[in-house]
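Contents: one structure, followed by commentary.
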Amino acid sequence: MSTLEKLKTTLQNVLGTRAEQLVEALDELTLTVKASDYLEVAHTLRDHPELKFEQLMDVAGLDYSAYGDGAHDGPRYAAVSHLLSLTHNWRLRVRVFAPEDDLPVVASLIDVWSSANWFEREAFDLVGIVFEGHPDLRRILTDYGFIGHPFRKDFPTSGYVEMRYDPEQKRVIYQPVTIEPREITPRIIREEHYAGLKH
């Protein structure tokens, strides 16, 4: 039995019906759980002697609205955690979908793994997922006055506002974006021996 198969079997035995989905792809295992089971499953993954995921390596926020060219049929936002078991030398990806698209909320893992702190703040800032129970959920990468969440699929590439220093007011001001979106078409090189290339 391979390491991945052993981990999958152990997760099925320990978690039972709380393991909503277990998918193996590219030599990695992804466990999907319901938002209502998320915190309990996290405690089990950390504390159960057959699992012992002592370290949380990363938390990322995802927007599935354009996933598979719109083939995804389900909640729009998910939080994905990457875990490491030093005891068993296992890695696991845990995914939880926020039940509501209008206000995506999932439980914070900060009381299970303290390393979740800044990762959850980043997912909140960039994707807009609210982590319930987080003690200091505020922006970490964008400006305090920033409006929106730039990693959402419907956020414009150029944003909504730009900021600049106004010498008359002697302060930084926000104004509507002055950049006009344009499409850049790459130049196709057809010259023989261009830059020493031999075709």
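The values are calculated or read from the model by the stated rules, or taken from the named source; none is laboratory data. All of these numbers come straight from a predicted model, not from anything done at the bench. Positions of Cβ are generated from backbone atoms using ideal geometry, with glycine treated the same way; all protein chains shown enter the neighbour counts. Keep in mind that these areas ignore ligands, DNA and RNA; they rest on the heavy atoms of the full protein, side chains included. Shrake-Rupley method; radii C 1.70, N 1.55, O 1.52, S 1.80 Å.
Here are a few things to note about the model shown:
- Tilt relative to the chain, helix 3-15 - C-alpha long axis, 0 to 90 degrees, to 10: 70 degrees
- Accessible area per residue in Å² at 1.4 Å probe, computed on the chain: 66 Å²
- Mean ellipticity per residue at 222 nm, deg cm²/dmol - from DSSP H runs of n ≥ 4 across the chain, formula -39500 (n - 2.57): -5500 deg cm²/dmol
- For region 1-64, a Kirkwood hydrodynamic radius built from all Cα pairs, placed in the Stokes-Einstein relation at 37 °C and 0.692 mPa s, yields a translational diffusion coefficient of 258 µm²/s.
- Build a GNM of the chain with springs between Cα atoms under 10 Å apart, and of Lys34, Lys52, Lys170 the one that fluctuates most is Lys170.
- Computed over neighbours whose Cβ is under 14 Å from that of Arg164, the net charge equals -2, Lys and Arg +1, Asp and Glu -1.
- With every protein chain in place, the chain: carbon and sulfur % of accessible area (1.4 Å): 51 percent
- Euclidean distance between Cα centres, region 1-19 to region 113-177, Å: 38 Å
- Alpha carbon convex hull of region 1-114, projected area averaged over orientations, nm²: 7.4 nm²
- Estimated at the nearest 10 Å², the accessible area of Thr10 is 20 Å² with a 1.4 Å probe.
- Per-q log10 I(q)/I(0), the chain, q = 0.09, 0.10, 0.12, 0.15 Å⁻¹ (Debye; single scatterer per alpha-carbon; no solvent): -0.49, -0.58, -0.73, -0.94
- Charge tally in the Cβ shell below 11 Å around Pro104, where Lys, Arg are +1 and Asp, Glu are -1, Pro104 excluded: -3
- The chain: angle of helix 38-47 to the longest principal axis, Cα-based, in degrees nearest 10: 60 degrees
- Placing +1 on the Cβ of every Lys and Arg and -1 on the Cβ of every Asp and Glu, with no other charges, gives the chain a dipole of roughly 400 debye about its Cα centre.
- Segment Thr30-Glu132, extension gain: residue separation times 0.36 nm, minus the distance between their alpha carbons: 34.4 nm
- Cα→Cβ-extended label distance, 7 Å offset, between Thr185 and Gln12, nm: 5.4 nm
- Based on Cα contacts under 8 Å between residues 6+ apart, the chain shows a relative contact order of 14 percent.
- Using alpha-carbon coordinates, inclination of helix 116-127 to the longest axis of the chain, degrees: 40 degrees
- Lysine pairs in the chain whose alpha-carbon atoms fall under 26 angstrom of each other, counting only those eight or more residues apart or on distinct chains, come to 6.
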